[in-house]
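Contents: one structure, followed by commentary.
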Amino acid sequence: MALNKRSSEYVKANDDRFGLRVSSKAPDCNKVNSLQCRFCIASGREEKVGAKRKPSTDVQGWIRPFRYDNIENHVSGQHPAKWAEYKLLDSSDDRKAFFDDVPVSFKNSIKAHFPSSSLGAEREMVFDIEKDIVDVIVGDMMFKPSDDIIDNDPEDDMDEPPAFGSDAERNVVLHRRAQQSVLAKERALSLFKRVDGDEDADYAYCVTIPKSKTTVFQLAVRYIACGASFRMAANLLSYTYDILHNPILRSCSRNDVSNFIRVVYAVNLQRMARHLRHSWAFSIALDSATHQSTSYLDLRFRIFLPAFYDIVNVHATALPMFDRHTGEVMSKMVAAFLNVMCPVWTVRLLGISSDGARNMTGRVAGVVTRLSNAMHNECPLIRMWCGAHQLDLIMEYIMNSIVKERFFTTMIGFITHLTLQQNLIADMQTTCPRVVNRWLSTEKVIKWFKAHRPQLLAHIESKQPPFAPPRIWWVFVLAMHHFTSLTASTFRTIQGLSTLLDQQQAALDDLVTSFIDDVGVIGLLSPEAIANLEVSEHVISGRYAVQLSSVREFVSGLASWADSIVDEVDPVQRSDLWNDIASVYVTACDRVSQLSSLRDADNNALANPSSLPPVLPHDLIKLSATEFIRRARRHTYRLQHHYSVDHIDVIADEHKLLLHAYRSEPVLKQAIDGLDGRSSFRDGWSLIGSRFSNLIEFCGVLATIFPGTSIVESDFSILRWEKDNFRKSLSDFGLEGVMQSMQSKQWTFLEQFEQ
């Protein structure tokens with residue numbers, strides 16, 4: 001059978017041809033999702049003469065779409081001797097016996113699970129790192145002398161004299177501190193050995209982890225990834241030695257651990273820089289926050305990886321800020337960082353996402369504005385205001401202006417009463433969730449009230465507490481449960497790691513549609529149509545309105561007991577209830593429908609948000625060839641800078657081929673028609689394969705635009721979790737080390753699959 005080099009479909013005959021086994025299948029359609037190399041399982045990877053690194057003990061795997069040319073490269077490159085023997089076998093039975101007759105497979109051997117120098121499996125680890133990553137970022141932007149002089153141990157600086165007294169005494173102290181700073185920096189960067197090039201200014205750094213330290217290095221990184229400080233990781237390594245009595249785990253100080261993590265930080269940055277420079281564009285998201293009197297500027301990259309048909313979202317760095325939090329200061333820090341990671345970032349940077357704060361998006365001095373001004377004239381920057389943050393502001397407005405008076409006062413009093421009812425808590429086996437200053441916590445409380453309404457009503461009837469809510473309050477809870485549940489679900493959906501910009505907007509549109517369909521909201525209305533509405537029968541907000549009778553019908557369908565309660569109250573209370581519920585929904589429809597993440601230079605909603613090409617196949621087929629070229633033309637200079645002058649025409653030709661294939665190939669048409677707004681980028685394009693590789697890469701880079709900054713805020717959540725009130729002495733670099741160590745395994749995984 002002839003091998004199709006670019007084939008992406010599973011071919012069963014190739015299992016026998018290349019020594020593969022199926023490792024997983026889709027549960028719904030029994031379609032093969034992943035394969036594993038049987039050579040890796042049976043005998044492990046072969047050592048290469050002169051190689052600087054030891055062979056990996058991991059079993060090589062591949063996920064859809066399958067590139068059999070890459071699979072052949074792996075078996076011939078990683079198992080040359082075994083592959084040569086295997087190719088000489090003629091029958092399938094002989095090939096099956098080739099793997100089955102191995103006494104103990106490599107995967108089940110001690111060597112695969114406990115590599116150590118005593119077993120001869122350890123090799124030195126060598127990392128080549130650019131000079132600016134070490135000199136500018138690791139050795140300057142992320143270096144604080146006090147972290148290494150005293151390592152945040154209060155007892156270490158008890159004898160340090162204060163810098164006051166006479167000028168001579170002061171100069172002596174300051175000189176001593178300067179010397180300590182130089183020595184601390186030399187010690188912190190001691191693993192980075194300079195390698196000179198042909199010219200004086202041409203040099204790089206090389207880090208070599210010797211055989212005797214490889215296991216210690218890997219364990220230290222794992223311990224730090226679990227949240228350990230440098231001192232704690234050193235102690236854990238010492239305790240590990242006490243248990244295992246392995247000599248290679250002996251003698252690792254906290255300074256050794258600190259130096260290891262600096263290597264991890266530099267290596268991660270080097271990997272990021274390589275991917276940034278290999279792509280024609282990339283996007284960033286940034287945000288700032290203050291924790292325990294220290295401010296941090298967090299930066300994340302979104303990069304498209306063609307080998308996976310997927311987008312990776314990686315933490316770049318969290319830079320401590322000791323200066324004022326102005327747009328000028330922060331923009332200089334970001335620019336300095338980008339100058340190292342991608343020197344041509346003024347051409348490659350595609351989009352920036354921020355939280356809409358004034359120092360971020362100010363039209364004159366904001367960070368985004370300053371970075372936008374630094375861009376090349378032919379490479380306009382796509383500015384984003386986090387959609388989740390805007391939805392959060394809308395919900396806070398609704399809760400404070402409409403819901404608060406009717407709902408919160410009664411709720412707080414009732415919750416206070418319930419927390420004191422120990423017998424009720426014991427009977428219900430649950431307590432009411434805490435109420436914090438966020439609408440999401442209110443959603444959990446409302447859900448709890450609705451779920452436990454029968455028990456709570458029984459308690460009210462028997463105890464007659466003074467803070468018991470009126471019966472009509474429960475009807476409002478019922479309506480708010482519907483409202484907050486839909487909104488919270490959308491809020492969580494648009495914060496996904498792989499959520500695309502179009503998917504975020506589609507989710508917000510679906511939310512408005514749900515309100516319109518469920519409650520009977522009408523819109524978008526013209527000014528004339530609004531003027532013709534009967535004010536006494538409608539609640540109006542912007543270009544949306546809802547009739548009070550529709551609200552009554554909506555509430556009646558939420559629960560069987562709602563009508564009986566409503567009929568008991570007087571007409572005034574009933575009218576107030578309908579007006580409040582109607583105001584919640586119609587205000588949400590009006591404000592969410594105007595929500596737009598794409599912003600202009602004045603941080604206003606972009607007048608033409610549809611100017612960007614769609615990125616998924618089922619959306620691309622809706623664009624004519626002329627419209628696609630018109631939208632893609634704004635990226636001509638970026639593409640020409642990275643590729644050739646006519647590359648945009650190559651992309652346009654593949655778009656035309658996609659349109660033709662959709663019309664002429666029933667199988668492809670069925671696969672594309674099966675996609676929807678919830679399909680990820682990888683799911684959408686893996687069905688089609690790699691015959692549209694240039695179009696896929698073009699769309700993949702456009703898909704890197706961050707729809708929001710929620711993932712950046714998750715970095716701050718990790719930061720606050722790791723550096724809580726009981727770990728105030730944890731250094732800034734210690735925090736960064738935790739986050740870099742956590743994603744070190746991700747980078748290693750990606751590099752293995754790219755081989």
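The values are calculated or read from the model by the stated rules, or taken from the named source; none is laboratory data. The structure displayed is predicted, hence computed values, not measured ones. Cβ: placed from backbone, ideal geometry, glycine included. Neighbour counts: every protein chain shown. These area figures cover heavy atoms from the full protein model, side chains too; ligands, DNA and RNA do not enter into them. Shrake-Rupley method; radii C 1.70, N 1.55, O 1.52, S 1.80 Å.
Against the longest alpha carbon principal axis of the chain, how many degrees, from 0 to 90 and to the nearest 10, is the axis of helix 439-451 turned?
Taking Cα atoms only, the helix is inclined about 60 degrees.
For THR431, what accessible area in Å² do you get when you roll a 1.4 Å probe over the heavy atoms of the protein chains, rounding to the nearest 10?
Number for this one is 80 Å².
Quick one: if you stick a label point 7 Å off each Cα along the C-beta vector at ASN604 and SER485, how many nm between them?
4.0 nm
Could you work out the relative contact order of the chain, using alpha carbon pairs under 8 angstrom and six or more residues apart, expressed as a whole percent?
16 percent.
Kindly state, to the nearest 0.05, the FRET efficiency for ASN235 paired with THR294, given R0 = 22 Å and r defined as their beta-carbon distance.
Rounded to the nearest 0.05, the efficiency is 0.30.
Quick one: what are the phi-derived ³J(HN,Hα) couplings along region 294-309, Karplus 6.51/-1.76/1.60 with θ = phi - 60°, whole Hz, x for glycine and proline?
10, 9, 10, 10, 9, 10, 10, 10, 10, 10, 8, 10, x, 5, 10, 6
So for the chain, taking the charge dipole from beta-carbon charges (+1 Lys/Arg, -1 Asp/Glu), which of PHE476, THR215, TRP685 sits furthest toward the positive end?
So the residue furthest toward the plus end is THR215.
Report the one residue of VAL344, GLN573, THR513 whose Cα lies farthest in the direction of the positive end of the charge dipole of the chain (charges on C-beta: Lys and Arg +1, Asp and Glu -1; origin at the Cα centre).
The one lying farthest along the dipole's positive direction is VAL344.
Please tell me the relative contact order of region 284-386 in percent, rounded to the nearest whole number, where contacts are Cα pairs under 8 Å and at least six residues apart.
Answer for region 284-386 is 23 percent.
May I ask you to list the GluC sites (Glu not before Pro) in region 435-536 that are in a DSSP loop and have at most 14 other Cβ atoms within 10 Å of their Cβ?
Taking region 435-536 and a limit of 14 other Cβ atoms within 10 Å, the loop GluC sites (Glu not before Pro) found are GLU534.
Size of the dipole of the chain about the Cα centre, Lys and Arg at +1 and Asp and Glu at -1 on the beta carbon, nothing else charged, in debye to 20?
1240 debye
How far apart, in nm, are the 7 Å Cα→Cβ label points at ALA335 and PHE467?
Spacing of the two 7 Å Cα→Cβ label points: 5.5 nm.
By how many degrees, 0 to 90 and rounded to 10, does the Cα axis of helix 693-702 deviate from the longest principal axis of the chain?
60 degrees
Out of the trypsin sites (Lys or Arg not before Pro) in region 291-358, which ones are loop residues according to DSSP with at most 16 other C-beta atoms within 10 Å? If you can, show how the numbers build up before the last one.
Details: sites: ARG300, ARG302, ARG324, LYS332, ARG348, ARG358; in loops: ARG324.
Here the trypsin sites (Lys or Arg not before Pro) that fit, given the DSSP loop and packing criteria, are ARG324.
Can you send over the carbon and sulfur percentage of the accessible area for the chain, probe radius 1.4 Å, protein chains only?
51 percent
Report the charge-dipole magnitude of region 296-438 in Debye, nearest 20, computed about the Cα centre from +1 at each Lys and Arg Cβ and -1 at each Asp and Glu Cβ.
Using Cβ point charges on Lys, Arg, Asp and Glu, region 296-438 gives about 280 debye.
Mind checking the dipole of region 495-587: about its Cα centre, +1 per Lys or Arg Cβ, -1 per Asp or Glu Cβ, Debye to the nearest 20?
That gives a dipole near 220 debye.
Can you give the FRET efficiency to the nearest 0.05 for TYR397 and SER690, using r as the Cβ-Cβ distance and R₀ = 41 Å?
Values: r = 47 Å, r/R0 = 1.15.
Calculated transfer efficiency: 0.30.
For LEU524 and SER717, calculate 0.36 nm times their separation in residues minus their Cα-Cα distance, and state this gained length in nm to one decimal.
Value of the extension gain: 65.6 nm.
Leaving out ligands, DNA and RNA but keeping every protein chain, what accessible area does GLU537 have, in Å² rounded to the nearest 10, with a 1.4 Å probe?
90 Å²
With semi-axes √(5λ) of the Cα gyration tensor in Å in mind, check [x] 92, 23, 20; [y] 49, 37, 30; [z] 54, 30, 24 and report the label derived from this structure.
[y]
Please tell me which of these pairs span more than 27 angstrom C-alpha to C-alpha: LYS131/LYS745; LYS54/LYS723; LYS48/LYS745? Don't skip to the end; give the middle numbers.
Values: LYS131/LYS745 24 Å; LYS54/LYS723 36 Å; LYS48/LYS745 24 Å.
Pairs exceeding 27 Å: LYS54/LYS723.
Kindly state, to the nearest 0.05, the FRET efficiency for SER624 paired with GLN422, given R0 = 60 Å and r defined as their beta-carbon distance.
0.30
Please name which of ALA273, ALA51, GLY197 has its Cα lying farthest along the dipole of the chain towards the positive end, using unit charges on Cβ (Lys, Arg +1; Asp, Glu -1) and the Cα centre as origin.
Positive-most Cα among the choices belongs to ALA51.
Where in region 363-388 does the label zone of TYR637 land, with the point 7 angstrom along Cα→C-beta and an amide N cut-off under 14 Å?
372-382
So what is the accessible area of the chain per residue, in Å², with the probe set to 1.4 Å?
Working: 35940 Å² over 755 residues.
In whole numbers, the chain has 48 Å² accessible per residue.
So if each residue of separation counts as 0.36 nm, and I subtract the Cα-Cα distance between GLU9 and ALA458, what length gain in nm does that give?
155.5 nm
Put THR294, THR57 in order of accessible area, largest first, 1.4 Å probe: what do you get?
Sorted descending by solvent-accessible area, the residues read THR57, THR294.
For the pair GLU553/GLU46, report the inter-label distance in nm, with labels modelled 7 Å from Cα in the Cβ direction.
7.6 nm
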